[in-house]
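First the structure, in the form of structure tokens, and then the observations on it.
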Amino acid sequence: MTTQTSRAVSIQQHGGPEQLQFVEVAVGEPGPGEVRIRHRAVGLNFIDVYQRSGLYPMVLPLQLGMEAAGVIEAVGPGITHLRPGDRAAYASQPPGSYCELRVMPAKCVCRLPDAVSFETGAAMMLKGLTAQYLLKRTQPQGGLNPGDFVLFHAAAGGVGLIACQWAKSMGLQLIGTAGSDAKCALAIQNGAAFAINYSSEDFLARVKEITAGQGVKVVYDSVGKDTWDKSLDCLQPFGLMVSFGNASGPVAPFAPGILGAKGSLYVTRQTLFTHMATRESTQSMADQLFEVVTSGQVNIHIDQRYKLEDVQQAHRDLEARKTTGCTVLTL
């Protein structure tokens, strides 16, 4: 059995970006159900910040990172969908993608189409699969039909820009929110029907105006605390409130009775990896993502690139809302 070494980014305790430190780790042979992959690019996501800060408490020490793309070096027993030499990409538990080389479960690792670069693969898997499960698998009563209004917060972020384009391809009228005029313009350029600068406009009033008082069928919210209450008021009767992140902090506890008073609303808290629980569901979701990207319906915007050595600065910029689109760490 051969053992190699790899640089990896690890935290010994929860805290700020300064906790991100380089370590040397031993990488052995893949076991049953595993592959060894050498990374070419690594994706950066807000969930990495949550895990580093302790908002999502993790067992320590912890290697961070949830997505990457690279080349399969070896496969363990029982693996039939990947072979050594395959280009591949993934969004996967457990964390650990901030590294050069790793052994990991193969279930969520997918062959990367030749038309998709390593950087694009690393940038799009977690965010693109998130957009897929939101728009395709997390729908309000009666589904989503062409012409329907949906509200999407943080529309100029990595998930948001993919969702804007994907929603347009579905014929939806996506109303996006963002924190600056420039980010609103970016959302519009990527297919949002309307964009609201929530730092200078009341997004509830604008949503009511845009929808002639009717409200939207569904709100997709990764912001959390700062947008929650008004988002509920943006919904039509029987509308669906989809929480999938906490960029401004976790939502405060609320009494379920308010959902009745506001129109018999539905509320759900979604996580990507529930949808990716099986090899089959992962591949089905990835196939849809690859199709919209390779067909040109969705363009993956990589607006920031950092060397893996600059991971602390990458985290600082992400938390300071200085980024748009997707960010990758290069090796």
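Taking residues in the stretch 54-77 that are surrounded by 21 or more Cβ atoms within 10 Å (Cβ to Cβ), and partners anywhere that are aromatic (F, W, Y), the pairs with Cβ atoms closer than 7 Å and at least 6 places apart or on different chains are L64/Y98; G65/Y98; E67/Y90; A68/Y90; A69/F118; G70/F118.
Just checking: which of the strands (runs of 3 or more DSSP E) contained wholly in the stretch 266-331 hold 2 or more residues that are hydroxyl-bearing (S, T, Y) and surrounded by 21 or more Cβ atoms within 10 Å (Cβ to Cβ)? Quick ask: steps written out before the conclusion?
Values: elements: 266-269, 302-307, 326-330.
Fully inside the stretch 266-331 and qualifying: nothing.
Pairing each residue of the stretch 167-195 that is closer than 19 Å to V207 by Cβ with any residue that is part of a helix (DSSP H, G or I) and β-branched (V, I, T), provided the two are 6+ apart or on different chains, yields C-beta distances under 7 Å for I175/V207; I175/I210; F194/I210; A195/I188. Entry remark, the stretch 52-63: residues being over 20 Å from P250 (Cβ atoms) and part of a loop (DSSP other than H, G, I, E, B) number 3 in total.
Within the stretch 308-329, does at least one residue satisfy the condition of being among the charged types (D, E, K, R), more than 27 Å from G179 (Cα to Cα) and assigned by TED's automatic domain parsing to the domain that holds Q93? So far as the stretch 308-329 goes, yes, one or more of its residues are among the charged types (D, E, K, R), more than 27 Å from G179 (Cα to Cα) and assigned by TED's automatic domain parsing to the domain that holds Q93. Checking the condition assigned to a loop (DSSP other than H, G, I, E, B) and among the charged types (D, E, K, R), which residue from E209, E201 passes? Every option except E201 fails the conditions.
In the stretch 1-23, is there at least one residue being touching a residue at least 12 places away in the same chain (Cβ under 8 Å) and within 20 Å of D114 (Cβ to Cβ)? Give the steps one after another, and end with the answer.
So the first thing to find is which residues in the stretch 1-23 are touching a residue at least 12 places away in the same chain (Cβ under 8 Å), and the list is 1-23.
From what is left, the residues that are within 20 Å of D114 (Cβ to Cβ) are none.
Checked against the condition, which is being touching a residue at least 12 places away in the same chain (Cβ under 8 Å) and within 20 Å of D114 (Cβ to Cβ), the stretch 1-23 yields no hits at all.
Against the numbered list (1) surrounded by 15 or more Cβ atoms within 10 Å (Cβ to Cβ); (2) of a type in the set (S, T, Y); (3) out of contact with any Lys or Arg (no Cβ under 8 Å at 6 or more places or on another chain), S6 comes up short only at (3).
Looking at V25, V49, just one residue is closer than 30 Å to Q313 by Cβ, assigned to a strand (DSSP E or B) and assigned by TED's automatic domain parsing to the domain that holds G325, and that residue is V25.
Before we move on, is R87 touching an Asp or Glu at 6+ places or on another chain (Cβ under 8 Å), modelled with pLDDT of 95 or more, closer than 27 Å to S117 by Cβ and buried (at least 17 other Cβ atoms within 10 Å of the Cβ)? If you could, list the steps in order and put the result at the bottom.
Working: touching an Asp or Glu at 6+ places or on another chain (Cβ under 8 Å): yes; modelled with pLDDT of 95 or more: yes; closer than 27 Å to S117 by Cβ: yes; buried (at least 17 other Cβ atoms within 10 Å of the Cβ): yes.
So R87 fits the description; yes.
On the given criteria, is V42 touching a helix residue (DSSP H, G or I) at 6+ places or on another chain (Cβ under 7 Å) and in contact (Cβ under 8 Å) with a residue 12 or more places away in the chain? The answer is yes for V42.
For the stretch 146-165, state whether one or more residues are out of contact with any Pro (no Cβ under 7 Å at 6 or more places or on another chain) and surrounded by fewer than 19 Cβ atoms within 10 Å (Cβ to Cβ). If you could, list the steps in order and put the result at the bottom.
First pass over the stretch 146-165, keeping only residues out of contact with any Pro (no Cβ under 7 Å at 6 or more places or on another chain): 146-165.
In the following step, the residues that additionally are surrounded by fewer than 19 Cβ atoms within 10 Å (Cβ to Cβ) were identified as 146-147.
Scanning the stretch 146-165 turns up at least one residue that is out of contact with any Pro (no Cβ under 7 Å at 6 or more places or on another chain) and surrounded by fewer than 19 Cβ atoms within 10 Å (Cβ to Cβ).
Does A247 fit the bill of being among the hydrophobic types (A, V, I, L, M, F, W, C), part of a loop (DSSP other than H, G, I, E, B) and free of Cβ contacts under 8 Å to residues at least 60 places away in the same chain? Spelling it out, it is not the case that A247 is among the hydrophobic types (A, V, I, L, M, F, W, C), part of a loop (DSSP other than H, G, I, E, B) and free of Cβ contacts under 8 Å to residues at least 60 places away in the same chain. Filter the stretch 212-233 for residues that are assigned to a helix (DSSP H, G or I) and either aliphatic (A, V, I, L, M) or out of contact with any helix residue (DSSP H, G or I) (no Cβ under 7 Å at 6 or more places or on another chain) (or both) and give the result. Scanning the stretch 212-233 gives W228, D229, S231, L232. Among the conditions (1) closer than 24 Å to K322 by Cα; (2) surrounded by fewer than 18 Cβ atoms within 10 Å (Cβ to Cβ), G213 misses just one, which is (1). Taking the conditions (1) surrounded by fewer than 20 Cβ atoms within 10 Å (Cβ to Cβ); (2) outside the structural domain of A69 (by TED's automatic domain parsing) in turn, D221 satisfies each one other than (1). Among the candidates N190, N197, single out the residue that is in contact with a Cys (Cβ under 7 Å, 6 or more places away or on another chain), modelled with pLDDT of 95 or more and more than 23 Å from L289 (Cβ to Cβ). Among N190, N197, only N197 is in contact with a Cys (Cβ under 7 Å, 6 or more places away or on another chain), modelled with pLDDT of 95 or more and more than 23 Å from L289 (Cβ to Cβ).
The values are calculated or read from the model by the stated rules, or taken from the named source; none is laboratory data. Treat the numbers as computed from the prediction; the structure is a model and nothing was measured. Glycine also receives a Cβ, built like all others from the backbone with ideal geometry; neighbour counts cover every protein chain displayed.
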